[in-house]
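The next block holds one structure in the form of C-alpha cells; read it before the comments.
What follows draws every value from the coordinates through simple rules; no lab data is involved. Because the structure is a prediction, the values reported are computed rather than measured. All Cβ positions, even for glycine, are placed from backbone atoms using ideal geometry, and neighbour counts span all protein chains on display.
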Amino acid sequence: MEMTSPIQYLCTRIAVMVSGQFRCLGPLQHLKERFGKGYTLTLKVSSASHIDTAKWCITSHIPNAELHATHCSTLYYRIPQQSGGSPLIETFRAISEVVCEGVTH
C-alpha cells in the first residue's frame with residue numbers, strides 16, 4: 001500500500017476506492033497490516049558518490065530488497081513480506097549491519 005507522508009500525518013482514517021468503488025475504511029496501521037505487501041526502506045546516503053556502495057550493501061544484506069527508485073542521494077527499496085512469518089527483525093538486523101559498516105569504514 002503506497003501512502004504519501006502528508007496523508008500519514010494528517011488523517012486518522014483512510015478510505016480506499018478501486019475503479020470508483022469504495023473498498024475499505026480504517027486507520028492507516030490497520031490497512032497496512034491487513035492489506036500491505038511488505039516494507040519500504042528509504043536510505044539517504046551522505047553523497048551521490050556513495051550510492052553504488054549503498055546499493056551493494058543493501059543487496060548483499062537484504063537480497064529480496066527491490067530498488068524502486070533513486071532520487072539524488074536517496075534510495076527507495078521495497079522489501080516484500082515472506083510467507084510463514086515477518087522478516088522484520090532480520091531486516092532491522094541487516095540494516096543495522098549496513099549502518100555500522102558505513103560508520104566504521
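Lys and Arg at +1, Asp and Glu at -1: add these up for the other residues within a Cβ distance under 11 Å of residue 65 and post the number. Net of charged neighbours comes to +1.
Scanning residues 5 or more positions from residue 68 or on other chains, those with amide H under 5 Å from its amide H are 76, 77, 78, with H placed 1.01 Å from N in the peptide plane. Each label point was placed 7 Å from the Cα along the Cα-to-Cβ direction; for residue 53 and residue 90 their separation is 2.8 nm. Between residue 25 and residue 69, what FRET efficiency follows from the Cβ-Cβ distance if R0 is 30 Å, with the result rounded to 0.05? With R0 = 30 Å, the Cβ-Cβ based efficiency is 0.55.
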